[in-house]
Every structure is written in structure tokens, then in C-alpha cells.
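What follows is a short report on a single structure.
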Amino acid sequence: MKEYERKGLLERVNREAATVGADIPEETEVQGEPIDLRSFVFEIKRRDSVPPGERERVEQAKRNLRRERLERLEPIEENEVSYAEGEALADSIIGIDRALEALEGLDAPDPETEAKRQETADRKRWMNFLQKALGHEDAGGGRTRF
């Protein structure tokens with residue numbers, strides 16, 4: 001593979017938006033074992049959060065996927081494959097990255113829930129400030145109602 005082709009593939013897999021529009025592979029081989037990656041990710045994602053019993057399984061899957069990503073990236077970095085093989089590896093790396101993104105975002109709240117939580121916290125801070133500024137605290141440090 002030519003140097004500019006290798007650099008192009010590396011840029012492609014390391015691009016921040018590389019996974020936009022990418023699909024999670026139906027099946028992939030991780031550490032020598034075939035895994036139904038898409039069904040695993042969707043099985044975990046359809047729950048609101050990862051149950052405690054599944055958390056270690058998900059963390060192990062993420063570690064294995066990261067390791068597999070590095071193993072697939074190395075032949076491209078070391079220029080040990082043809083351009084066609086490099087393209088196939090790059091596609092598989094992007095699929096792995098897409099699965100990792102889905103698994104990483106599991107415990108993060110959706111933007112609407114996070115915005116409501118933030119608004120509630122802001123309102124509480126504002127009320128505490130107003131009560132202190134207006135001197136509406138009792139001698140014990142607790143608040144009194146207006």
C-alpha cells in the first residue's frame with residue numbers, strides 16, 4: 001500500500017465523526033471468537049440502564065472490543081496489508097467504534113433528563129442564595145419558609 005493510502009485509512013478510522021452513519025456489524029470476531037455484536041448491543045441498549053449483574057459483562061465486552069480495535073489497527077499502522085485489506089480493516093474498526101460508542105453511552109442520561117436535572121439544581125441554588133441574601137435563615141442554620 002502506498003504511504004498516502006495508509007495515511008488516508010488511518011485518518012479515516014481516527015476521525016471524530018467516523019462512526020456517523022456507520023452500522024454496528026451483525027457479527028464480528030473478537031479475540032478469536034465470533035460474537036453477535038449487533039444483537040448484544042441492542043439487547044443491552046433496550047434497557048434503561050445496565051443491571052448490576054450485566055455490568056461486568058458489558059465492561060468485559062468493551063475491553064475486548066478496544067483490544068480488538070488495536071489489533072486491527074496495527075497492520076494498517078505498520079503497513080503490513082494491501083490497500084484492499086486495509087480498507088476492510090478500517091470498515092471493521094469503524095463498526096467496532098460504533099458499538100463501543102453505543103455501549104459507552106449506556107449510563108449517560110438522555111439530554112432532556114439531564115437538562116431537567118440541571119434546571120432543578122440551578123433553581124435550588126438560586127433559592128438558597130435568595131434565602132441567605134434576604135436573611136431568611138433561623139439560628140440553627142436551617143431555612144425558614146417565606
**Request:** Would you mind checking which residues have amide H under 5 Å from residue 30's amide H? H placed 1.01 Å from N; only 5 or more apart, or other chain.
**Result:** 35
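Taking R0 as 25 Å, what FRET efficiency do you get between residue 67 and residue 118 from their Cβ-Cβ distance, rounded to the nearest 0.05?
Numbers: r = 36 Å, r/R0 = 1.43.
The formula returns an efficiency of 0.10 here.
Within the chain, count lysine pairs with alpha carbon atoms under 23 angstrom apart where the residues are 8 or more positions apart or belong to different chains.
On the way: 45/62; 45/116; 116/124; 124/132.
Summing the qualifying lysine pairs gives 4.
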**Prompt:** Once Lys and Arg get +1 and Asp and Glu get -1 on their Cβ, which of 32, 10, 51 lies farthest toward the positive end of the dipole of the chain?
**Reply:** 51
**Request:** With all distinct Cα pairs included, what does the Kirkwood hydrodynamic radius of the chain come out to in Å, to one decimal, could you say?
**Result:** 18.8
**Prompt:** Dipole size in debye (nearest 20) for the chain around its Cα centre, Lys and Arg Cβ +1, Asp and Glu Cβ -1?
**Reply:** 1220
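Please identify the longest segment of the chain free of exposed GluC sites (Glu not before Pro), where exposed means a DSSP state other than H, G, I, E or B and no more than 15 other Cβ atoms within 10 Å. Display every interim value, and only then the final one.
Details: sites that count: 16, 26, 27, 78, 80.
Here the longest segment lacking exposed loop sites spans 81-146.
In percent, what relative contact order does the chain have, based on Cα pairs under 8 Å that are 6 or more apart in sequence?
Details: 105 pairs, mean separation 43.7, N = 146.
Relative contact order comes out at 30 percent.
Each reported figure results from applying straightforward, stated rules to the coordinates on display, with no laboratory input. Predicted model, so just to flag it, every value in this text is computed and none were measured. In this analysis, Cβ positions are derived from the backbone assuming ideal geometry, glycine residues included, and neighbour counts consider all displayed protein chains.
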